[in-house]
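Okay, so here's the structure we're looking at.
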Amino acid sequence: MAQFEFIDWQENGTTATVWLNRPPANAVNQAMYVELKEFFDNVDVHLPEARVLVLAGRGKHFCGGNDLEEFKTLDPENSPARMKQVREAFFAIYDSTKPVIAAVQGAAVGTGLAIAGSCDLVVAAESARFALPEVKVGVMGGAKHLSRMVPQGVVRLMHLSGDLIPAAKLLQYGGIVDVVPDEELYARAQSLAESLARHSPAALRFAKQSLNAIEYTDLKSGYEFEQSLTGELSGYEDSKEALSAFLERRTPVYTGR
């Protein structure tokens with residue numbers, strides 16, 4: 001199994017917590033982007049029993065963005081390879097076979113916002129602040145991820161201003177599930193993870209695949225794709241178990257098959 005310097009995790013039955021761990025603010029360097037891709041591309045190997053993941057940051061901050069020291073050596077020649085590693089890390093989280101809940105405290109700026117925006121759901125602490133400071137440091141990116149959390153007008157305001165916005169102010173737009181006191185953040189995220197993890201791992205995997213595929217499609221083609229997954233899922237034992245348990249008014253027993 002691969003060794004990780006900047007990622008920790010703990011499996012707890014049907015849920016697991018994954019931590020960004022690069023003190024002091026979990027700013028991401030190129031090596032950490034590679035680790036994020038490797039971990040989430042192989043999440044079934046690293047966390048075989050977990051059905052739902054909570055992604056958090058060690059310390060006071062979720063993620064303080066990209067390591068700014070690395071921007072000093074960025075140029076038009078080396079940027080394509082570096083930017084490829086960045087987006088592959090974000091896409092690995094987005095395409096994870098297991099739903100991912102971001103538990104955000106402190107700073108979630110730039111890369112940190114993009115990581116949160118790559119997750120399926122976001123729970124935030126009262127201390128959480130989101131920002132796209134790219135215009136302040138001479139780079140671009142993150143607006144598309146932010147558009148999964150807030151309307152376009154807010155995306156443009158945050159991208160053009162680069163200002164920190166409290167999570168409580170963004171809650172109204174629906175991209176954040178809840179804002180809670182800092183000391184309740186992990187309990188709230190864990191509770192949400194457990195509420196999702198009561199479902200079949202096979203059904204959750206299909207649901208995640210479906211939601212990603214239809215996110216930007218039109219109604220007709222999106223629903224047709226959903227129906228195709230219904231047909232595929234119907235071949236799983238879990239699908240029959242879900243129906244039987246519902247009709248028999250009992251708790252289902254899922255195997256993932």
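At-a-glance table
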quantity: Answer label for Cα Rg over 2.2 N^0.38 Å (calculated), chosen among [x] 1.12; [y] 0.98; [z] 1.04; calculated: [z]
quantity: Share antiparallel - DSSP beta bridges, the range 1-83, percent rounded to 5; calculated: 45
quantity: Of all DSSP beta bridges in the chain, antiparallel share, percent nearest 5; calculated: 30
quantity: Candidates 76, 48, 181: whichever shows maximal mean-square fluctuation once the chain is modelled as a Gaussian network with Cα springs under 10 Å; calculated: 76
quantity: Lys, Arg +1 and Asp, Glu -1 on Cβ, resulting dipole of the chain about Cα centre, debye, nearest 20; calculated: 440
quantity: Residues 257, 205 arranged by fewest to most Cβ contacts within 10 Å; calculated: 257, 205
quantity: For peptides 139-149, 49-59, 236-246, 111-121, sequence by mean Cβ density within 10 Å, most packed first; calculated: 111-121, 49-59, 139-149, 236-246
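Laboratory data are not the source of any read-out in this text; all were calculated from the coordinates shown. Quick caveat: nothing in here was measured; it's all calculated off a predicted structure. Reconstructed Cβ throughout: ideal geometry from the backbone, glycine too, with neighbour counts over all protein chains shown.
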